[in-house]
Amino acid sequence: MKAVAALILATLAAACSAGPDRVSRGPTGVAICGDPAIRGERVPPIPGRIEGCGIEAPVEVYSVAGVTLSQPATVECGTARALKTWVEDGARPVLRRRGGGLSELRVAASYACRTRNSQPGAKVSEHALGRAIDISAFTLRDGTEISVLDHWDTWRRGRLLRRMHEAACGPFGTVLGPESDRFHRDHFHFDIASYRSGSYCR
């Protein structure tokens with residue numbers, strides 16, 4: 001009994017020494033962007049190393065609507081909210097009967113201070129403003145992975161990918177996939193740019 005008590009005391013001491021913020025946050029982060037379904041943490045403003053880059057109020061998103069991100073996505077809150085809407089209304093419903101449902105999004109890119117498609121002389125990318133996120137694959141609860149690169153042109157999984165791509169038109173202003181150009185053959189690009197004619201989806 002003394003050994004058990006000592007172990008409990010040691011565990012509590014370690015938790016306290018970690019600091020209250022770390023103990024309360026946990027691995028899934030806290031609710032951010034005014035939405036309990038978006039989990040992560042706020043981070044300091046990001047200055048741009050070139051003109052047009054940077055995020056004034058960035059967040060690191062760990063999960064949306066109960067779906068984990070493969071790596072924290074550094075974006076602004078408008079992007080995080082659009083991602084959550086798409087997961088709730090598009091991605092999760094499309095995959096609900098497959099492998100136990102959607103478990104994880106593989107994030108290929110989020111904030112990056114660069115031009116569009118990293119091309120010299122191009123306009124600054126929405127990624128450079130924290131207004132874009134790239135998704136390259138979807139992991140189901142049974143471990144099955146549906147990859148944009150490997151499965152876009154297949155029959156069964158390809159249909160699922162095309163439905164999720166289509167469902168992103170609305171929550172996001174720009175939706176690009178393998179049929180848009182050579183730069184997007186292995187991922188979906190989503191951003192929240194606004195157009196008078198509505199979402200631009202290719």
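The values are calculated or read from the model by the stated rules, or taken from the named source; none is laboratory data. Not measured: the values here are computed from a predicted model. With ideal geometry, Cβ positions are generated from the backbone for all residues, glycine too; neighbour counts draw on all protein chains shown. Remember, those area values only see protein heavy atoms, side chains included, never the ligands or the DNA or RNA. Shrake-Rupley method; radii C 1.70, N 1.55, O 1.52, S 1.80 Å.
Summary of the geometry: segment 110-129 and segment 138-190, compared by the centres of their Cα atoms, lie 21 Å apart. If you run the Gaussian network model on the chain, springs between alpha carbon atoms under 10 Å, then out of A80, A91, A57 the most flexible one is A57. With axes computed from alpha carbons, what is the tilt in degrees of helix 156-167 against the longest principal axis of the chain, rounded to the nearest 10 within 0 to 90? Tilt relative to the chain: about 90 degrees. Here the extension length gained between D150 and R185 equals 11.6 nm, from 0.36 nm per residue of separation less the Cα-Cα distance.
Shape class for segment 24-135: oblate, because the ratio a/c of the largest to smallest gyration tensor axis (alpha-carbon atoms, square roots of eigenvalues) is 1.5 or more and b/c is at least a/b. Ligands, DNA and RNA excluded, the heavy atoms of R162 present near 90 Å² of accessible surface to a 1.4 Å solvent probe. Charge tally for H165 (other residues, Cβ to Cβ under 10 Å; Lys, Arg +1; Asp, Glu -1): +1. For the chain, adding -39500 (n - 2.57) for each run of n ≥ 4 DSSP H residues and dividing by the number of residues yields -7000 deg cm²/dmol at 222 nm. Using the Cβ of D89 as centre and a radius below 15 Å, the other residues enclosed give a net charge of +2, where K and R count +1 and D and E count -1.
The angle between the Cα long axis of helix 77-86 and the longest principal axis of the Cα atoms of the chain comes to about 80 degrees, rounded to the nearest 10.
Once Rh is set to the Kirkwood radius over Cα pairs, what Stokes-Einstein translational diffusion coefficient, in µm²/s, holds for segment 35-74 at a temperature of 20 °C and a viscosity of 1.002 mPa s? The estimated diffusion coefficient comes to 193 µm²/s. Among 150-161, 63-74, 41-52, the peptide with the highest mean count of other Cβ atoms within 10 Å heads the list, and the full ranking is 63-74, 150-161, 41-52. Measuring nothing but protein heavy atoms, the accessible surface of segment 112-202 at 1.4 Å probe radius is 44 percent carbon and sulfur.
Averaging the sequence gap over all C-alpha pairs within less than 8 Å and six or more residues apart, then dividing by the number of residues, gives the chain a relative contact order of 15 percent.
Taking the three principal axes of the alpha carbon atoms in segment 78-159, the coordinate ranges are 44, 27, 18 Å, sorted in descending order. Summarised in one figure, the compactness ratio Rg/Rh of the chain, Cα atoms and Kirkwood Rh, is 1.06.
Here the label points at T28 and R163, each 7 Å from Cα along the C-beta direction, are separated by 2.6 nm in the simple model.
Projecting label points 7 angstrom from Cα along Cα→Cβ for A112 and A57 puts them 2.7 nm apart. The residues packed around R116, meaning those with a beta-carbon under 12 Å from its beta-carbon, carry a net charge of -1 if Lys and Arg are +1 and Asp and Glu are -1.
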